[in-house]
Amino acid sequence: MASAAQFKHPAADGVRLRAMCATDLGAAHALSVAVHWPHRLVDWEFAFALGQGLVAERDGEVVGTAFLWRWGPRHATLGLVIVDPRCQGRRIGQRLMQGLLDELDGVSVLLHATPEGRGLYERAGFVTTGEVRQHQGQAVQAPLIALERGVRLRPASRRDLPRLVALDARASGMAREALVRRLLETGKTVVLDRDGEALGFAISRRFGRGRVIGPVVAPDAAGARALIAHWVNLYAGKFVRIDVDFATGLTEWLETLGLQRAGGPAAMVRGPDLARGTTPRQFALVSQAFG
């Protein structure tokens, strides 16, 4: 986190960093609107409840934000780095990011960088480890996905929580129990089941302009397609978004469902790369901020 001196004293340009508090969320939401991000105020509240944020403040006005979420002692994700368009080009984003990274030596930090922000993160020691494809649009009905004998989809129950937390940890490489628990409380979850054992799952929740699908954790591409198709068919005719790992090969299939590519950030890590499992695998992110 930023040093005490940064909190107390502004820089030469009058900008000072301080911890974000709940009363800053309205200003943070206004910044996201200014840069044409889809986040609603409730999406900021969701992020705030799980992480810690910094704001850049000048003359009492919030002109920048950045968030960090800690997942156990060895992993973190960084996101929602926004600078007021009127103040860009003054290294405010770099100061915010560095303020969050100062106490994270030895921690693997994951983020998803736009082309505009990639250079900033490379200078801070992040390296590219993969690509993400953001798909969104008005969903259309998905064809039926055939499953192996004995495998079915079912709604999640409270009893599934420990298993889903474990599946997410293996697939994402991070222990994110608090996040998974909150997603199960606020979203809807479908489980890929075989003989009473959860093999994978997918969560859908309100976000931005409509519904977002993620995370999607599955043992293979067929299972991932079945989970995604469940939600796409439920919300056919409505706005749906999903952010997938490009290496999973789902991009062309998603486009046939009306979910066109809308961006392609780079997955970047500072520190040791995440030890992700291959079975199950994370086919879709929770979000670009959470990973």
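The values are calculated or read from the model by the stated rules, or taken from the named source; none is laboratory data. Not measured: the values here are computed from a predicted model. Here Cβ is always computed from backbone atoms with ideal geometry, including for glycine, and neighbour counts include all displayed protein chains.
Overview of values
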read-out	value
Test: residue in the range 249-265 that is over 21 Å from R206 (Cβ atoms), among the basic types (K, R) and touching a residue at least 60 places away in the same chain (Cβ under 8 Å)	yes
Flag for V191 being in contact with an Asp or Glu (Cβ under 7 Å, 6 or more places away or on another chain), closer than 17 Å to W71 by Cα and either among the β-branched types (V, I, T) or in a loop (DSSP other than H, G, I, E, B) (or both)	no
Within the range 27-37, considering residues that are surrounded by 11 or more Cβ atoms within 10 Å (Cβ to Cβ) and more than 17 Å from G51 (Cα to Cα), the one nearest to the chain's Cα centre (by Cα)	W37
Positions within the range 1-25 being modelled with pLDDT of 70 or more and either part of a helix (DSSP H, G or I) or within 17 Å of F67 (Cα to Cα) (or both), in sequence order	R16, L17, R18, A19, M20, C21, A22, T23, D24, L25
Residue count, the range 77-97 (criterion: under 15 Å from V33 (Cα atoms) and of a type outside the set (A, V, I, L, M, F, W, C))	3
Within the range 234-291, strands (runs of 3 or more DSSP E) holding 3 or more residues that are more than 18 Å from the chain's Cα centre (by Cα) and surrounded by 15 or more Cβ atoms within 10 Å (Cβ to Cβ)	none
Unmet criterion (only one of (1) closer than 22 Å to R123 by Cα; (2) modelled with pLDDT of 95 or more) for W44	(1)
Conditions (1) assigned to a strand (DSSP E or B); (2) assigned by TED's automatic domain parsing to the domain that holds R276: number failed by A66	(2)
Residues of the range 158-187 satisfying the condition of being under 17 Å from H230 (Cα atoms) and either over 17 Å from the mean Cα position of the chain (by Cα) or in the same structural domain as G72 (by TED's automatic domain parsing) (or both)	none
P73 in contact with an Asp or Glu (Cβ under 9 Å, 6 or more places away or on another chain) and at pLDDT below 95	no
Out of T129, T77, sole residue that is touching a Phe, Trp or Tyr at 6+ places or on another chain (Cβ under 8 Å), in a strand (DSSP E or B), of a type in the set (S, T, Y) and on the phi < 0 side of the Ramachandran plot	T77
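One line per residue, one yes/no per condition, for (1) exposed (fewer than 14 other Cβ atoms within 10 Å of the Cβ); (2) over 22 Å from S287 (Cα atoms); (3) among the aromatic types (F, W, Y):
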residue: V15; (1), (2), (3): no, yes, no
residue: F48; (1), (2), (3): no, no, yes
residue: E61; (1), (2), (3): yes, yes, no
residue: G64; (1), (2), (3): no, no, no
residue: R74; (1), (2), (3): no, no, no
residue: V81; (1), (2), (3): no, no, no
residue: P85; (1), (2), (3): yes, yes, no
